[in-house]
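Q: Got a structure for you, questions after.
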Amino acid sequence: MPGSITRETYFPGAQIFREGEPGTCAYIIEKGGVSLSLIRGGKPVVIGTLGEGDLFGEMALIDDHLRSATVTANEETELIRVPRDYVKDKLDHSDQLMQLFLKVVLERFRTTHDNLLRLKTGGTYVDADEAVDENSPEAVRQAVIDKLRFEHELQEAFEQDQFELYFQPIVELNDDTLAGFEALIRWNHPTRGLVSPGQFLGLAEETGLIVPLGRTILANACDALAAFQECAEARISSSRRLFMTANVSPVQIAEPDFADTVCQAISGCNVAPENIRLEITENALLGDPRHAEMALGEITRAGLRLAIDDFGTGFSSLSYLRRFPIDTLKIDHSFVTTMLDSPRSMEIVRALAGLATSLGMDIIAEGIETEAQRGEIRGLGCGYGQGFFLSHPLRRSEALELVRTVEALPA
Ligand code: C2E
Ligand code: CA
Ligand code: CA
């Protein structure tokens, strides 16, 4: 990963940077405030102040100009520092047309900005207030700042162990036995409470944080499974074991050492690899199918199993089922929750169940929310079910309690 975002504290009067210095980073004010000044006639002239939530120092990051003002902390001030490498990496990966646009816009902004500065230091009042709409530079700027802040929070959350795995039971439908669990990540945010993955996974993927986070997820999922299996075996002796499914993001799979990482995570705990199923989505197979084929081949040779998640919502090319060693198909909840009202959903579920059966694949229907849906899904020959009607995702201790007390375990 390129240079990462850090936090810095400045005391009152401390200079953050000086006019004329090269720019190596931009800052967002988390707490406190700063003033911007220029040396004119040998004396500092304050040209403005900034407070919480403001961004400064960003222009020198994008082009190679020197700092156009000196910035000093007015009080104890906490800043989020965004290093140049970080921005440069994003710019280098952006579209060339966008790079050009940005340079032109910035050049124009500099010219206008310099004119305004001249007016301000000359004592003329300039009213910069304009009506703001969501595409205005101010709104865009705010959105960028919010995102950078969120990214910093996410990084901190990982360092401070604020992520927690929940486990949603998967039930064998013909005899209602507990068959396994799907590991689902949650963020215990210090002020916002429990944050669901839909709100942060996109950014974790974009920043690459999903790679180390994914490793932890896998290791913790295996560790939890070892505990669940141990508890189950203390109750009944059986040749069948509980299984665990864990979601892996396309970004993880694209890593050159993905297969090694997975094998390492498993080797650290006392679970047989065939009881771990990795849930992948079709888009993970699209980008670089040759790499995916090799990595997934290695993983299945190590004994793990592969499930295709959200089946029916993406490209759903049936050739994937031949090309990749997938043995479990998960029917997306959008079909299951609507199947009793929509004949099309019903037919799709029926077709997918038939397909899985004839290919000898396991099938897990997600999103079972009512008894009627469970009955229908069972009638269509789906082996496994998952959904709020059966159980919500549980904390590890609750899942363990379920294994300890549930009526039916795999026999
Ligand atoms: P998914 O893999 O399709 O996971 C199932 C989602 O459906 C979960 O949402 C689960 O809480 C929810 N769900 C379970 N039963 C029902 C039901 O009866 N009705 C409805 N409407 N929903 C139900 P969650 O936990 O918010 O996860 C959302 C998505 O985030 C997951 O979708 C998965 O794509 C991703 N995700 C979750 N955990 C991880 C993880 O550890 N790693 C990665 N890479 N992605 C994850
Ligand atoms: Ca899943
Ligand atoms: Ca799914």
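Q: Which one of these is surrounded by fewer than 20 Cβ atoms within 10 Å (Cβ to Cβ), farther than 19 Å from Ile170 by Cβ and either of a type in the set (A, V, I, L, M, F, W, C) or within 15 Å of ligand 1 (Cβ to nearest atom) (or both): Ser358, Ser345?
A: Criteria check complete, one pass: Ser345.
Q: Test of understanding: among Glu366, Glu401, Glu371, which residue is within 16 Å of ligand 3 (Cβ to nearest atom) and either more than 23 Å from Arg241 (Cα to Cα) or not aromatic (Phe, Trp, Tyr) (or both)?
A: Numbers: Glu401 fails: within 16 Å of ligand 3 (Cβ to nearest atom); Glu371 fails: within 16 Å of ligand 3 (Cβ to nearest atom).
When all the criteria are applied, what remains is Glu366.
Q: While we're looking at this one, here's another question. Which residue pairs have Cβ atoms under 6 Å apart, sit 6 or more places apart or on different chains, and have a first residue in segment 273-295 that is in contact (Cβ under 8 Å) with a residue 12 or more places away in the chain and a second that is assigned to a helix (DSSP H, G or I) and more than 16 Å from ligand 2 (Cβ to nearest atom)?
A: Pro273/Ile266; Leu285/Ala292; Leu285/Tyr320; Ala295/Phe258; Ala295/Ala259
Rundown of residues vs (1) outside any helix (DSSP H, G or I); (2) in contact with a strand residue (DSSP E or B) (Cβ under 6 Å, 6 or more places away or on another chain); (3) away from ligand 2 (no atom under 16 Å from the Cβ); (4) aromatic (Phe, Trp, Tyr), yes/no style:
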{"residue": "Ala284", "(1), (2), (3), (4)": "no, no, no, no"}
{"residue": "Arg290", "(1), (2), (3), (4)": "no, no, yes, no"}
{"residue": "Glu293", "(1), (2), (3), (4)": "no, no, yes, no"}
{"residue": "Gly297", "(1), (2), (3), (4)": "no, no, yes, no"}
{"residue": "Leu306", "(1), (2), (3), (4)": "yes, yes, no, no"}
{"residue": "Asp309", "(1), (2), (3), (4)": "yes, yes, no, no"}
{"residue": "Gly314", "(1), (2), (3), (4)": "yes, no, no, no"}
{"residue": "Arg322", "(1), (2), (3), (4)": "no, no, yes, no"}
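Q: I've got another one for you. Return the total of residues in segment 254-282 being away from ligand 3 (no atom under 16 Å from the Cβ), outside any loop (DSSP other than H, G, I, E, B) and hydrophobic (A, V, I, L, M, F, W, C).
A: So the answer is 8.
Q: Is one or more of the residues making up segment 36-46 in contact with a helix residue (DSSP H, G or I) (Cβ under 9 Å, 6 or more places away or on another chain), crowded, with 19+ Cβ neighbours inside 10 Å and touching a residue at least 40 places away in the same chain (Cβ under 8 Å)? Spell out the reasoning first.
A: Kept after step one, since they are in contact with a helix residue (DSSP H, G or I) (Cβ under 9 Å, 6 or more places away or on another chain), are these residues of segment 36-46: 38, 40, 45.
Now drop any that are not crowded, with 19+ Cβ neighbours inside 10 Å, which leaves none.
Looking for residues that are in contact with a helix residue (DSSP H, G or I) (Cβ under 9 Å, 6 or more places away or on another chain), crowded, with 19+ Cβ neighbours inside 10 Å and touching a residue at least 40 places away in the same chain (Cβ under 8 Å), one finds none in segment 36-46, hence no.
Q: Restricting attention to segment 187-214, and to residues there that are assigned to a strand (DSSP E or B) and free of Cβ contacts under 8 Å to residues at least 24 places away in the same chain, which single residue is surrounded by the most Cβ atoms within 10 Å (Cβ to Cβ)? Write out each step before concluding.
A: If we filter segment 187-214 for residues that are assigned to a strand (DSSP E or B), which is where we start, we get 187-189, 193-195.
Still in the running and free of Cβ contacts under 8 Å to residues at least 24 places away in the same chain: 193-195.
Working: Gly193: 9, Leu194: 10, Val195: 17.
Looking at the filtered set, the residue picked out is Val195.
Q: Can you confirm whether segment 17-34 contains a residue that is part of a loop (DSSP other than H, G, I, E, B), basic (Lys, Arg) and farther than 30 Å from Leu213 by Cβ? Break it down stepwise before answering.
A: Pass one, segment 17-34, residues part of a loop (DSSP other than H, G, I, E, B): 18-21, 23-24, 32-33.
Cutting the leftovers down to basic (Lys, Arg) gives us 18.
So of that shortlist, the ones also farther than 30 Å from Leu213 by Cβ come out as 18.
So far as segment 17-34 goes, yes, one or more of its residues are part of a loop (DSSP other than H, G, I, E, B), basic (Lys, Arg) and farther than 30 Å from Leu213 by Cβ.
Q: I need the full set of residues from segment 324-341 which are away from ligand 2 (no atom under 16 Å from the Cβ), surrounded by 14 or more Cβ atoms within 10 Å (Cβ to Cβ) and part of a loop (DSSP other than H, G, I, E, B), in order please. Spell out how you get there, then give the answer.
A: Pass one, segment 324-341, residues away from ligand 2 (no atom under 16 Å from the Cβ): 324-325, 338-341.
Then drop every residue that is not surrounded by 14 or more Cβ atoms within 10 Å (Cβ to Cβ), which leaves 324-325, 338-340.
Answer for segment 324-341, where residues must be away from ligand 2 (no atom under 16 Å from the Cβ), surrounded by 14 or more Cβ atoms within 10 Å (Cβ to Cβ) and part of a loop (DSSP other than H, G, I, E, B): Phe324, Pro325, Met339, Leu340.
Readers should treat all values here as calculations from the given coordinates under stated rules, not as data from a laboratory. Just so it is clear, the structure is predicted and the values come from calculations on it, not from any experiment. Quick reminder, even Gly has a Cβ in these numbers, built from the backbone with ideal geometry, and neighbours come from all protein chains shown.
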